[in-house]
């Protein structure tokens, strides 16, 4: 089954770094923040996919796929993200790289995803 993505699809990338010696603290804060971020993010219109990954080497990434740039930009104003989670993760040692960038999707090598024009 081929997944259809609108031509207006936007990929949002949020990066953070931390001292690898603080991995356990940042990982715990990341898991804790998921408890309130998941329901808040699920309520936002336009979300296609959302992934969070954390490396013991000292970095974390949030990658989200949205149907439009406008919908991706909602994350910049989501209180649970920009206030609560940011404070919790920063207290654990994470430093977010600013600005957070939204990228219009250009292409994909997957035969199972079709970008509509």
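Taking the criterion of being closer than 24 Å to residue 72 by Cβ and over 15 Å from the mean Cα position of the chain (by Cα), the only residue of segment 8-25 that qualifies is 8. Reported count of residues in segment 94-114, each being in contact (Cβ under 8 Å) with a residue 12 or more places away in the chain and within 18 Å of the chain's Cα centre (by Cα), is 10. Exactly one residue out of 76, 59 is within 15 Å of the chain's Cα centre (by Cα) and farther than 25 Å from residue 9 by Cα, and it is 59.
All of the numbers you see were taken from the coordinates with simple rules; none came from a lab. The shown structure was predicted, so the numbers you read here are calculated from the model rather than taken from an experiment. Cβ coordinates were reconstructed from backbone atoms using ideal geometry, including for glycine residues, and neighbour counts include every protein chain displayed.
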